[in-house]
C-alpha cells in the first residue's frame, strides 16, 4: 500500500478536542484529494465515533491521557484512519455480536447506547481492525 499523504496528531482526552480534530482532518482530506461530499460526511461520522469512544470509553475522559490519530491517503484511492487511546481496550467482535441489528429495528436510534457507535463505524467503512489489546482501531474506506 503506497501512502501519498499523511496527517498525524496527538490530543489530550477532552471532549472539546474532538470538534477541532475532526475539522482539521476533514480539511486535510478535502485539500488532499477529490472526495465527494457523501464520502466526506461518512468519514466525519466515523471519526466522531472513534474519537468519542477513545476519549469516553478508552481513556475515561482523563485529560492526562492522550489519543493519537493518523490519517493517510493511499495511491489506490483509499483513506485509513488510526485512532489509539491509552485505555485497556475492548473486543470488537464481542461488542458487535451484542449489537447485532434486530430485523424489526428500522432506526439507529432504537439501538442501545453502548456499542451503537462502533456498529455505525463498522457499517460505514470497508474494513475495520483492532490491535490485540483493543485500544487501537484501524479503519479503511474507499474515497470513491
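Here, each number is a calculation from the coordinates, and none is a lab measurement. These figures come from a predicted structure and were not determined experimentally. Because the Cβ atoms are built from the backbone with ideal geometry, glycine has one as well, and the counts that use them run over all protein chains shown.
For region 3-71, what's the relative contact order in percent, using C-alpha pairs closer than 8 Å and at least 6 residues apart?
60 percent
Which value in nm describes the separation of the simple spin-label points at residue 19 and residue 144, placed 7 Å from the Cα toward the beta carbon?
According to this spin-label approximation, the distance is 3.7 nm.
Mind giving me the FRET efficiency for residue 10 and residue 52? R0 is 22 Å, r the Cβ-Cβ distance, nearest 0.05 is fine.
Result of the calculation: an efficiency of 0.80.
When the Cα centres of region 117-142 and region 44-86 are compared, how far apart do they sit, in Å?
Region 117-142 and region 44-86 have Cα centres spaced 10 Å from each other.
Quick one: if you stick a label point 7 Å off each Cα along the C-beta vector at residue 60 and residue 77, how many nm between them?
4.6 nm
Rounded to the nearest 0.05, what FRET efficiency do residue 1 and residue 40 have when you use their Cβ-Cβ distance and R0 = 25 Å?
About 0.70, to the nearest 0.05.
For 128, 46, what ranking results if the residue with the fewest other Cβ atoms within 10 Å of its Cβ goes first?
If I rank by nearby Cβ atoms, fewest first, I get 128, 46.
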